Every structure is written in structure tokens, then in C-alpha cells.
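Only one structure is covered here, and it is reproduced in the block below.
Here, each number is a calculation from the coordinates, and none is a lab measurement. If you're wondering where the values come from, they're calculated on a predicted model, not measured in any experiment. Positions of Cβ are backbone-derived with ideal geometry, glycine not excepted, and every protein chain shown enters the neighbour counts.
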């Protein structure tokens, strides 16, 4: 299924968020001033299981959650990957997500992060993709 990534239907976004329990945050930072820290804190407050991914912080904790070096190191299935990396790295994250077993149901890239070719690759194997959006903005807007 190919999605128009210029505009998302509210039902598409809310469907992803409502079926998600476990979120891997790629590019998670322990720095309180970084957007990834604030979003991670928001997602935890909404009851999600949030797993930070950052090779430079692997083995440490962010907001009480153990940090992993990459998606493959996470010892449990994840429903969604939330990407806080620059657009030029999105294809690498998507390739890593596609290689997981089981695969995540969705990949969500943060504001200004977009790679349409990488998105098509994920969608071709059944992973839903949202780009250039923030769940911490979309959830309150949709009343979730």
C-alpha cells in the first residue's frame, strides 16, 4: 500500500498509535533540551513501553529505560520505530527495521525527517510509514 506522505488521514495516524504498545526511539538523547527526550517522556506518560536506541548511550539509561545500540539488540518485539535521525539516515533505520523478526508495524519519522524511497521500501513489506510528524503533537490533536 502506497501512502501520500504529504498529508495523512487522521484515521491512519490514530490507527497506528492505537495499535502501538512498544516504541523504539532511534536517536534518543539523555539531554533534557533535545526533542527526543521530551517526546520519550511524553510517550512514557501516555503508557507506552519506550525503548531508547543510541549507540553512544548503549547500556546506560534514559528516563529509567535501558538504552540499546541498535534495533537488533532490543530483546523484545517492537510495534513502532520513532526516528530522531536526519533524513539521510532514515533508509538505514528502515533497513534495520525490515530485518527484524517480527517486524515493527510502523515507522514514524520526526519533523523534517523524510525519505520517500525508504518509505516505499518499508511499505512494500507491510510496514506503515509516517514521516515529518511528531506523535507528541499528533496525539493531543486527535484527542488520544
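Things to note:
- Any hit, the range 20-34, residues being assigned to a helix (DSSP H, G or I) and on the phi < 0 side of the Ramachandran plot: no
- Test: residue in the range 50-62 that is touching a residue at least 12 places away in the same chain (Cβ under 8 Å), more than 24 Å from residue 128 (Cβ to Cβ) and in contact with a strand residue (DSSP E or B) (Cβ under 7 Å, 6 or more places away or on another chain): yes
- Per the listing 78, 107, the residue uniquely under 21 Å from residue 14 (Cα atoms), touching a helix residue (DSSP H, G or I) at 6+ places or on another chain (Cβ under 8 Å) and in a strand (DSSP E or B) is 107.
- Residues in the range 110-144 that are free of Cβ contacts under 8 Å to residues at least 40 places away in the same chain, in a helix (DSSP H, G or I) and either within 19 Å of residue 46 (Cβ to Cβ) or within 10 Å of the chain's Cα centre (by Cα) (or both): 137, 140, 141.
- Any hit, the range 66-75, residues being under 19 Å from residue 121 (Cα atoms) and part of a strand (DSSP E or B): no
- All positions within the range 123-141 that are in contact with a helix residue (DSSP H, G or I) (Cβ under 7 Å, 6 or more places away or on another chain) and under 12 Å from residue 3 (Cβ atoms): 127, 128, 129, 130, 131
- In the condition set (1) closer than 22 Å to residue 58 by Cα; (2) surrounded by 15 or more Cβ atoms within 10 Å (Cβ to Cβ); (3) out of contact with any strand residue (DSSP E or B) (no Cβ under 9 Å at 6 or more places or on another chain), residue 136 is compliant with all but (1).
- Every residue from the range 72-89 that is in contact (Cβ under 8 Å) with a residue 40 or more places away in the chain and either more than 14 Å from the chain's Cα centre (by Cα) or surrounded by fewer than 20 Cβ atoms within 10 Å (Cβ to Cβ) (or both): 74, 76, 77, 79, 85
- Filtered residues of the range 1-19 (kept if touching a helix residue (DSSP H, G or I) at 6+ places or on another chain (Cβ under 8 Å) and part of a helix (DSSP H, G or I)): 10, 13, 14, 17
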